[in-house]
1. Looking at ILE67, ILE40, which is the one that is among the β-branched types (Val, Ile, Thr) and within 16 Å of the ligand (Cβ to nearest atom)?
2. Starting from region 76-92, keep only residues that are near the ligand (Cβ under 7 Å from one of its atoms) and at pLDDT 95 or above, then list their pairs with residues that are in a strand (DSSP E or B) and not small (Gly, Ala, Ser) whose Cβ atoms are within a distance under 8 Å, requiring at least 6 positions of separation or different chains.
3. Does GLN33 satisfy the criteria of being at pLDDT below 90 and surrounded by 12 or more Cβ atoms within 10 Å (Cβ to Cβ)?
4. Do we find that ILE207 is buried (at least 21 other Cβ atoms within 10 Å of the Cβ), over 18 Å from ASP119 (Cα atoms) and of a type outside the set (Ser, Thr, Tyr) in this structure?
5. Please work out if GLU221 is over 17 Å from the mean Cα position of the chain (by Cα), acidic (Asp, Glu) and surrounded by fewer than 20 Cβ atoms within 10 Å (Cβ to Cβ).
6. Can you name the residue in region 43-64 that is free of Cβ contacts under 8 Å to residues at least 12 places away in the same chain and within 16 Å of the ligand (Cβ to nearest atom) and, of all such residues, is surrounded by the fewest Cβ atoms within 10 Å (Cβ to Cβ)?
7. Would you check if there is a residue in region 20-29 being farther than 21 Å from SER86 by Cα, buried (at least 18 other Cβ atoms within 10 Å of the Cβ), at pLDDT 95 or above and in contact with a strand residue (DSSP E or B) (Cβ under 8 Å, 6 or more places away or on another chain)?
8. Which one of these is closer than 23 Å to HIS96 by Cα and over 12 Å from the mean Cα position of the chain (by Cα): PHE264, PHE272, PHE256?
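The values are calculated or read from the model by the stated rules, or taken from the named source; none is laboratory data. On a predicted model such as this, the values are computed, not experimentally measured, just so you know. Using ideal geometry, Cβ is built from the backbone for each residue, glycine included, and neighbour counts are taken over all protein chains shown.
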Amino acid sequence: MINYIEKYFCGSQFSFPLQEACSKANISLDAHQLKALKRIREKITNKTYKMVPNFCLCGHKGNEIIITEKDRFNLSFDFKLCKKCSLIRTDPVFDHRSLLDFYRDDFSLLHRGKVDAIDKHFLKMLPRGESFICLLKELSIIDNIENVLEVGCSAGGNLYPFSEIGKKVEGYDYDLYYLQYGRSLGMNLNEGDFYENIKLESQDLVILSHVLEHFIDPVKEVNKILEKVKEHGYFLVEVPGVLDIHRSVIYPEQYFQNDHIYSFNEEYLKVFFARLGLKILYSDEVCRFILEKPRGWKSVQIKNIYSDSLFKKYEVVEQYIKKTCFLNKYFPIKNIKRKIGSFLRRKGVLKWKIKIKK
Ligand SMILES: [Zn+2]
């Protein structure tokens, strides 16, 4: 009955594409971010940043719902929910060259504002690294891990708690400014691509935190990472789960950003990692995954990733987004409570609730 009422009220109140983002940027931006935004708009208009189509990972074309036509910065990008597999993708996206230029020249300034706010950025990452350690302890596998590699480590905020408990840490990223901050704290953080520098099957744990959603070819990139993980070693992945939007933003449109090539949910990622031959030790809707690389694992080249278990899952995503809009509009108090909870967790006053699925 409650489901029916929610479906009726939320469905009749909100329709796609969502329009909130159309008038102005939904988030408050500082002067540095506004400058970056203006520059990006110019590069899109004069085609310095070029667009290419982006097809769904399940191989399906068409039959999708456009959730919003603007991203969180009010840039014009379509975010499409695939009715076959429930994955949301940005389509079209910047081509490979444009994405590299975007990450080098505009990404940090657009998302984080003036670059000297690095202390704040690092402190924000620490609780996440601590929550990873909690998860590994709950699974009783932390003692199996001696070395930890993070791909896309930024300033090393996720790795720092691991180094504090005596693990050997190493990180790779492209932003030297952020890397230098972590280096000054004694961590081994390197500029560039990990692949040429890390030996095959040498890592007990590889972390990929808020990176998978940026990959144009996630199957290829994950295979490359898994080559570096030891047999029975672990792969820890976190992405901003689509069904966890209510915890991080006020309006669902604020979640979408152009450089998120795919926006994942837990059910789709379960299929994704299972097809890549991994054992799932833990997952949640946040979406955090702890995976084990089985003995004899081989790189799997798959063109399309889909399972019948995803049939009609798109309706869950569609309904969740509408419900989030509905609750934000009519019950803002819940949103304020969530914001306070999230703030206190970031400050370390509240701990992340961790449930282990056996
Ligand atoms: Zn699909």
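1. Residue meeting the stated conditions: ILE67.
2. CYS82/GLU64; CYS82/ILE88; CYS82/ARG89; LEU87/LEU81; LEU87/TYR262
3. No, not satisfied.
4. So ILE207 passes the test.
5. No.
6. Here the answer is GLY62.
7. Looking through region 20-29, none of the residues is farther than 21 Å from SER86 by Cα, buried (at least 18 other Cβ atoms within 10 Å of the Cβ), at pLDDT 95 or above and in contact with a strand residue (DSSP E or B) (Cβ under 8 Å, 6 or more places away or on another chain).
8. So the residue among PHE264, PHE272, PHE256 that is closer than 23 Å to HIS96 by Cα and over 12 Å from the mean Cα position of the chain (by Cα) is PHE272.
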